[in-house]
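All remarks here apply to the structure that follows.
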Amino acid sequence: MDWTFIAAHVPDFIRGAWVTLRFGLYGVACSAVLGLLCSLVRVFRVPVLRALVRFYVELSRNTPLLVQLFFLYAGLPRVGIRLSAEACAVTGLTFLGGGYMAEAFRSGLESVSRAQREAGECIGLTPMQTVRFVVLPQALATAAPALFANMIFLIKETSMFSVLAMMDLMNVADTLRTGGGRTIEVLSMLVIAYAVILLPVSAAAMLAERRMRFAGFGRQHPV
């Protein structure tokens, strides 16, 4: 193990980790918003849109992110649409993650009994208020484990960003490995870098789940 080589290239991995984390979180946030909207369309049976959302969910979950990124980066320019590597990365991760987030949110929404919605309507809440104050808090608590698992999965999928020539962790590692031949050192640093990124996310997710359970979110009270 060449510690001098490792020390010299720690800054490169830090820059790559920042790119990975920044665009990964952008994609996760956009995926959560898209997934929530899609799940509401499916659960509340919005005409026409429901079929389109179902098609999108199946397409996004059954095609690899690598193929989606190639389509955005190399396919769209053929029809005159050009996106930067960063835009392709966020768009691709959002397209993939939205389908997974939609299913997680849908399972949470469907776990809330109809009686809860009717109770909200009985006390004078509008349909939007019922969803916001009655349905969503309970649905989010139920869906939290799946949502956090999806978040970690999507951050790991950022390893595909290297095909877009972005200087993320995978690209930095591949460049150093092919240029210097220090395979063991580079791969060891890569594993550590992903662990440094993902372990705090995993710990924060576990803490959030515990606090939600302790606070009683997701507990359906008799009406």
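Key figures for this structure:
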{"read-out": "Length added when fully stretched, residue 211-residue 122, from 0.36 nm per residue minus Cα-Cα", "value": "29.1 nm"}
{"read-out": "Residue-count net charge about residue 1 - beta-carbon cut-off 11 Å; Lys, Arg +1, Asp, Glu -1", "value": "-1"}
{"read-out": "Gain upon complete extension [residue 45, residue 149; 0.36 nm per residue less C-alpha separation]", "value": "34.8 nm"}
{"read-out": "³J(HN,Hα), Karplus 6.51/-1.76/1.60, whole Hz, each residue of the range 116-124, x for Gly, Pro", "value": "5, 5, 5, 5, x, 5, 5, 8, x"}
{"read-out": "Efficiency of FRET from Cβ geometry, residue 79 and residue 203, R₀ 45 Å, rounded to 0.05", "value": "0.55"}
{"read-out": "Listed peptides 80-90, 153-163, 115-125 by packing density, highest first (mean Cβ within 10 Å)", "value": "153-163, 80-90, 115-125"}
{"read-out": "Segments 67-73, 166-172 sorted - mean Cβ within 10 Å per residue, highest first", "value": "166-172, 67-73"}
{"read-out": "Mean separation of Cα contacts under 8 Å, 6 or more apart, over the residue count of the chain: relative contact order %", "value": "30 percent"}
{"read-out": "Full-extension gain in nm, residue 196 to residue 156, via 0.36 nm per residue minus C-alpha separation", "value": "13.2 nm"}
{"read-out": "Two-site label geometry, residue 67 and residue 3: point separation in nm, points 7 Å out along Cα→Cβ", "value": "4.8 nm"}
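No lab work stands behind these numbers, since they all come straight from the coordinates. Fair warning: this is a prediction, and the values are worked out from it, not measured in the lab. Every residue, glycine among them, receives a Cβ derived from its backbone with ideal geometry; neighbour counts consider all protein chains shown.
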